[in-house]
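J.: Have a look at the structure that comes next, please.
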Amino acid sequence: MKNIFISSKIINSLSGNVFSVEQNWYNFFKKMDINLIPINSNNFSKKMVKNLKPIGIIFPGGNDLYKNKKIKINLYRDKFEYRIIRFCLKNKIPLLGVCKGFQVIANFFNGKIEKCTKHVG
């Protein structure tokens with residue numbers, strides 16, 4: 001079975017930060033017989049990549065870019081995802097960004113991001 005990694009959004013709770021991936025991602029990839037494996041700064045390692053051999057990494061929505069909303073959670077996630085982008089480029093692992101995930105990839109490459117109107121959120 002093929003593996004795809006997915007970065008986790010971060011939710012601030014009373015017990016500390018919680019990493020979360022929306023269930024619809026799992027439902028979608030299960031239909032295609034692909035393992036979706038959540039990654040975050042606490043569990044990601046080169047050994048994990050070597051053992052699980054992901055065919056790609058997804059950066060989903062959730063949270064904001066730190067440059068747009070300066071709170072610790074956003075900085076924490078951005079730093080982690082920038083590290084993963086560098087790793088993927090070096091190791092030729094495909095990336096997919098959705099919503100905030102696309103913004104972090106664009107920001108990494110110094111792309112211009114403009115606020116849109118009538119966004120679903």
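The values are calculated or read from the model by the stated rules, or taken from the named source; none is laboratory data. Here the structure is a predicted model, which is why all the values come from computation and not from measurement. Cβ atoms come from the backbone with ideal geometry, glycine included; neighbour counts cover every protein chain shown. Heavy atoms of the whole protein, side chains included, go into the accessibility calculation; ligands, DNA and RNA do not. Shrake-Rupley method; radii C 1.70, N 1.55, O 1.52, S 1.80 Å.
J.: Using a 1.4 Å probe on the protein heavy atoms only, what accessible surface does Leu96 show? Give it in Å² to the nearest 10.
T.: 90
J.: Express in nm, to one decimal, how much length is gained between Ile71 and Asn35 on full extension, taking 0.36 nm for each residue of separation and deducting their alpha carbon distance. Working shown, then result.
T.: Details: separation 36, 0.36 × 36 = 12.96 nm, distance 3.19 nm.
Extending this stretch completely gives an extra 9.8 nm.
J.: For Asn17, list long-range residues whose amide hydrogen, built 1.01 Å from N in the peptide plane, is under 5 Å from its own amide hydrogen.
T.: Long-range HN contacts for Asn17: none found.
J.: Right, here's the next one. Averaged per residue, what accessible surface does the stretch 24-92 expose to a 1.4 Å probe, in Å²? Don't skip to the answer; put the middle values down first.
T.: On the way: 4440 Å² over 69 residues.
For the stretch 24-92, the solvent-accessible area averages 64 Å² per residue.
J.: Place a +1 charge on the Cβ of each Lys and Arg in the stretch 28-95 and a -1 charge on the Cβ of each Asp and Glu, then give the dipole magnitude about the Cα centre in debye, rounded to the nearest 20.
T.: Values: 16 positive and 4 negative charges, 57 e Å.
With Lys and Arg at +1 and Asp and Glu at -1, about 280 debye.
J.: Pairs of Cα atoms under 8 Å, at least six residues apart: use those to get the relative contact order of the chain, whole percent.
T.: Averaging sequence separation for qualifying contacts and normalising by length gives 27 percent for the chain.
J.: Length gain on complete extension for the stretch Leu89 to Met48, per 0.36 nm per residue less the alpha carbon to alpha carbon distance? Before the final figure, lay out the partial values.
T.: Details: separation 41, 0.36 × 41 = 14.76 nm, distance 1.69 nm.
Gain on extension, Leu89 to Met48, equals 13.1 nm.
J.: Heavy atoms only, probe 1.4 Å: what % of the accessible area of the chain goes to carbon and sulfur, would you let me know? The partial results should precede the final answer.
T.: Details: 4550 of 8130 Å².
It is 56 percent, rounded to a whole number.
J.: I would also like to ask the following. Can you compute 3J(HN,Hα) from phi for each residue in the stretch 9-20, using the Karplus curve 6.51 cos²θ - 1.76 cosθ + 1.60 with θ = phi - 60°, rounded to whole Hz and x for Gly and Pro?
T.: Couplings: 6, 10, 10, 8, 10, 4, 8, x, 6, 10, 8, 9 Hz.
J.: Related question: Test of understanding: in a Gaussian network model of the chain with alpha carbons linked when under 10 Å, which of Asp78, Asp64, Asp33 would top the mean-square fluctuation ranking?
T.: Asp33
J.: What percent does the relative contact order of the stretch 1-45 come to when contacts are Cα pairs within less than 8 Å and at least six residues apart? Walk me through the numbers before you get to the answer.
T.: Working: 52 pairs, mean separation 22.0, N = 45.
That works out to 49 percent.
J.: Now a separate question. Computed from the coordinates I sent, semi-axes √(5λ) of the Cα gyration tensor in Å equals one of (i) 26, 15, 11; (ii) 23, 17, 16; (iii) 25, 18, 12. Tell me the label.
T.: Only one option fits the structure, namely (ii).
J.: For Lys9, list long-range residues whose amide hydrogen, built 1.01 Å from N in the peptide plane, is under 5 Å from its own amide hydrogen.
T.: Ser20
J.: Another question about this same structure. Under a point-charge model restricted to the Cβ atoms of Lys and Arg (+1) and Asp and Glu (-1), what is the dipole moment magnitude of the chain relative to its Cα centre, in debye to the nearest 20? Walk me through the intermediate numbers first.
T.: Values: 22 positive and 6 negative charges, 77 e Å.
Approximately 360 debye in magnitude.
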